[in-house]
1. Looking at (1) at positive phi; (2) touching a residue at least 60 places away in the same chain (Cβ under 8 Å), can you tell me which one Gly135 breaks?
2. Is there a residue in region 318-325 that is surrounded by 15 or more Cβ atoms within 10 Å (Cβ to Cβ), out of contact with any helix residue (DSSP H, G or I) (no Cβ under 9 Å at 6 or more places or on another chain) and either at pLDDT 90 or above or not in a helix (DSSP H, G or I) (or both)?
3. Check region 130-153 and report whether any residue there is among the charged types (D, E, K, R) and out of contact with any Ser or Thr (no Cβ under 6 Å at 6 or more places or on another chain).
4. Scan Ile257, Ile272 and give me the residue that is open to solvent by less than 10 Å² (accessible area, probe 1.4 Å), under 23 Å from Arg114 (Cβ atoms) and in contact (Cβ under 8 Å) with a residue 40 or more places away in the chain.
5. Which residues, taken from region 67-107, are modelled with pLDDT under 85 and not in a helix (DSSP H, G or I)?
6. Test Gly244 against the criterion of being open to solvent by less than 60 Å² (accessible area, probe 1.4 Å) and part of a loop (DSSP other than H, G, I, E, B), and give yes or no.
7. Among the residues of region 287-303, which ones are modelled with pLDDT under 75 and among the β-branched types (Val, Ile, Thr)?
8. What are the pairs with Cβ atoms under 9 angstrom where one residue, in region 311-329, is on the phi > 0 side of the Ramachandran plot and the other, located anywhere, is modelled with pLDDT of 95 or more and charged (D, E, K, R)? Sequence gap at least six, or different chains.
Amino acid sequence: MAGNNTPEPASSFKQTRCSQLDLTGTSTDQTDGSRLDRTPASTESFGSNAPADKIDVESAINVQPFTPILTTTDWNAEWMALQQVRRKADDPSYWDSRSHTFPTSTEPSAYARRFIELADIQPRETVFDMGCGTGALAVPLGLAGHKVVAADFSRGMLDRMSEALEQADVHTVFPMQLSWEEDWAAKGVRPGMVDVCTASRSIATANLRDSLLRLTDIARRRVCITLTTGSSPRTDERIMAELGLKDALCPDFLYAINILAAEGILPQVDFICSERNDTYDTPDQAADSLRRMIDGAAGAIVGEKQRQAAYARLHAWLNDNLVPNERAGSPDGHGGVQKALRLRNPRVITWAFIAWDK
């Protein structure tokens with residue numbers, strides 16, 4: 001994955017900005033008495049020779065201007081710095097090896113059904129699905145009659161999707177091996193190529209602005225993505241908070257919203273919740289798994305002292321939350337079987353669905 005030197009292309013798209021309020025004076029239908037910069041009302045009659053200090057003119061002149069950090073922060077630069085310390089560059093071979101653990105089915109999951117519903121893709125519209133994985137969106141969209149270019153940098157994922165497409169006798173989905181950082185134009189991905197672009201749970205890029213603008217450029221009508229409301233789909237926000245690591249949770253989706261706003265794009269935002277039931281053979285295996293989660297989410301964000309305190313709380317937390325799994329031995333949905341122990345409450349992952357029209 002490219003680092004901070006990834007070029008940021010100029011977007012061919014710039015959405016019309018909404019008209020802005022005049023924060024320094026009145027609107028056309030306001031009286032002078034409703035001005036935002038109005039000083040406190042004077043008890044002196046209008047036109048009297050009251051001294052300046054009576055109406056506080058001098059202090060008003062000397063007020064220092066306030067500059068909101070929200071409007072001056074380079075959110076993409078902060079995102080890039082965060083990615084450098086938080087996660088390693090994605091490796092296609094890693095996802096190739098994991099592809100067999102991802103389910104393939106012609107029946108969409110509850111998450112995929114909700115994503116497609118919110119995406120509002122119209123009949124006969126074409127779709128570019130970036131980071132398609134094993135076809136969670138591409139397969140049901142193909143079954144619905146859409147032409148879909150389904151791109152992923154993992155050949156293993158694409159091969160699994162192709163098996164599902166063949167099984168479903170779908171011939172309108174076209175796999176493409178492609179990474180976020182490659183020269184898309186060299187691969188035939190052109191501006192305005194499709195009606196709708198999607199990127200479902202797949203934006204883990206070093207340069208978020210670049211990724212968002214690439215999708216915007218090649219869509220004729222609409223772009224739909226999902227990002228986590230926490231730091232990672234592998235992170236259980238509830239557990240992290242209960243172990244005293246709430247500070248390590250970083251809402252990724254807010255970076256996308258702020259970057260889009262800086263480009264003049266005002267997106268629609270919704271949320272999709274999905275459950276995950278983690279199971280374990282032994283309490284030690286559960287503890288090891290949760291320690292890895294703590295290290296992955298908090299290692300670069302909080303100090304060693306705070307992390308060690310979370311490890312110390314972990315044993316007591318597992319005593320209260322690890323219970324026998326009544327479905328041990330049944331399929332786990334990832335090519336294996338459920339194990340002897342589970343967490344008392346399933347892990348809930350909340351995804352931010354972010355979409356914008358052109």
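1. It fails just one condition, (2).
2. Checked region 318-325: at least one residue is surrounded by 15 or more Cβ atoms within 10 Å (Cβ to Cβ), out of contact with any helix residue (DSSP H, G or I) (no Cβ under 9 Å at 6 or more places or on another chain) and either at pLDDT 90 or above or not in a helix (DSSP H, G or I) (or both).
3. yes
4. Numbers: Ile257 fails: open to solvent by less than 10 Å² (accessible area, probe 1.4 Å).
The match here is Ile272.
5. Thr67, Arg87, Lys88, Ala89, Asp90, Asp91, Phe102, Pro103, Thr104, Ser105, Thr106, Glu107
6. Numbers: open to solvent by less than 60 Å² (accessible area, probe 1.4 Å): yes; part of a loop (DSSP other than H, G, I, E, B): yes.
Considered against the rule, which asks whether it is open to solvent by less than 60 Å² (accessible area, probe 1.4 Å) and part of a loop (DSSP other than H, G, I, E, B), Gly244 comes out as yes.
7. Residues of region 287-303 that are modelled with pLDDT under 75, as a first pass: 297-301.
Ile301 - this is the single residue of region 287-303 that is modelled with pLDDT under 75 and among the β-branched types (Val, Ile, Thr).
8. Pairs that qualify, where the first residue is on the phi > 0 side of the Ramachandran plot and the partner is modelled with pLDDT of 95 or more and charged (D, E, K, R), are Gly329/Lys339.
The values are calculated or read from the model by the stated rules, or taken from the named source; none is laboratory data. Quick caveat: nothing in here was measured; it's all calculated off a predicted structure. In this analysis, Cβ positions are derived from the backbone assuming ideal geometry, glycine residues included, and neighbour counts consider all displayed protein chains. With ligands, DNA and RNA removed, areas are computed over all heavy atoms of the protein, side chains included. Shrake-Rupley method; radii C 1.70, N 1.55, O 1.52, S 1.80 Å.
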